[in-house]
1. Measure off 7 Å from each Cα along the Cα-to-Cβ vector at Ala9 and Arg96, then give the distance between these two points in nanometres to one decimal.
2. When the helices in the chain are scored as -39500 (n - 2.57) per DSSP H run of 4 or longer and the sum is shared across all residues, what 222 nm value do you end up with, to the nearest 500 deg cm²/dmol?
3. So, with +1 on the Cβ of K and R and -1 on the Cβ of D and E, and no other charges, what is the size of the charge dipole of the range 1-98 about its Cα centre, to the nearest 20 debye?
4. Quick one: which residues, 5 or more positions from Thr121 or on another chain, have an amide H under 5 Å from its amide H? H modelled 1.01 Å from N in the peptide plane, none for Pro or chain starts.
5. Within straight cross-link reach of Lys309, meaning Cα distance under 15 Å, which aspartates and glutamates are found once same-chain residues fewer than 8 apart are removed?
6. Based on the mean of other Cβ atoms within 10 Å per residue, sort peptides 168-180, 36-48 so the most packed one is first.
7. With a bin width of 10 angstrom, please list the P(r) values of the range 41-125 as percents of all Cα-Cα pairs, from the 0 bin to the one holding the largest distance.
8. Could you check what % of the DSSP bridge pairs in the chain are antiparallel, to the nearest 5?
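We did not get these values from a lab; they are worked out from the coordinates using the rules stated. It should be emphasised that the depicted structure is a prediction, and the values quoted were computed from it without experimental measurement. Note that each Cβ is placed from the backbone with ideal geometry, even for glycine, and that neighbours are counted across all protein chains shown.
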Amino acid sequence: MGLSAALEAGFFSQVTWILPLPEGGNMPGVQQVKQQLLDHGAISSEEGASLVVNDEHIEGTLHGVPWGIYSSNNLPKIAGPAWVHIDLSYFAARYRNEIKTPIYALIGQDLKQWQQQKWPTVGATISFGNLRGNVPLGIRFLGRDLCQLLEHPGMLDGDLPRTWKLRTRAFYLENFFQKEKMLEIFNEMLRLEPDNPDVLYNLYQVQRRFKDGNAALKLLADAVQRDPVYALEYYVLAQTALDLHRPEAALQMLGLAQAYQPENPVPLLRQIAILDQMEHRQPIRLLVEQLQKMPWSSTYYPDMPRQLKAWATNLNQEN
């Protein structure tokens, strides 16, 4: 959405997109790439028809601008000033675990390869990708660490910061189910960085393995207070509660999600679905009233105000 707006505004004269592939992996075929982009609503049918193979990459147009799609194993030459945008899904797509693909080694290798290309970069942006569900919350920390590496490229040739080393050690031990040692390491990280939401979230994940729900929820709340995006975890907990046939607990988790993301209608809609199954009509009326007060985009949700009005009318008639 952001790229589309930038292209329509004429900010860029061309777009180069690099697909994250395993080392030695082959570039997917043009039909496969086209279908995936169409399925995700990322391109129009006209833009899809413009895609063709050119040597080892794919070319086309995006909002009337030349567009090249390359493999991470075949980086392109770029002339002229360039703005680099990095989405964490680029790394998440290839990260497996600290045995097969050590995370900081993976990032360091990529950044050094990009350095060697000597792209005429004038700036860079990073998107964490958690809100779209492309990147798990467990590696949200990468966004902040990547920012440090871009601001201080000399770090690529030095030792990792102590907290980064501790994290890689904890993630390595995860493969061997060493939750006690993981807890010890993350507690040490918290001592070094007591306000780091990523460490608090990692501690929350480990604490859940000890079946200590209260302690885990306290750590999650601390993480959310410092970084509200971690409130997405409440959706996971709500679904877990539903799987265990505990709708009241699910409603509680969705209520916490709503408290930290008041502009997001999803927690309200999910609460309504649960309450409907429980046949609790009065709370549904209140939630529908909240939804009606939200500013609905006429572009993306043109029918929502009408649907909510009809919903409210039906509920009042039942009364």
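1. With each label placed 7 Å out from Cα toward Cβ, I get 4.1 nm.
2. Rounded to the nearest 500, it is -16500 deg cm²/dmol.
3. Roughly 140 debye for the range 1-98.
4. Placed amide hydrogens put Ala82 under 5 Å from Thr121.
5. Within reach: Glu289, Glu318.
6. Details: 168-180: 15.6, 36-48: 13.1.
Per-residue mean Cβ counts within 10 Å order the peptides as 168-180, 36-48.
7. All Cα pairs considered, the percentages come to 14, 38, 35, 12, 1.
8. 40
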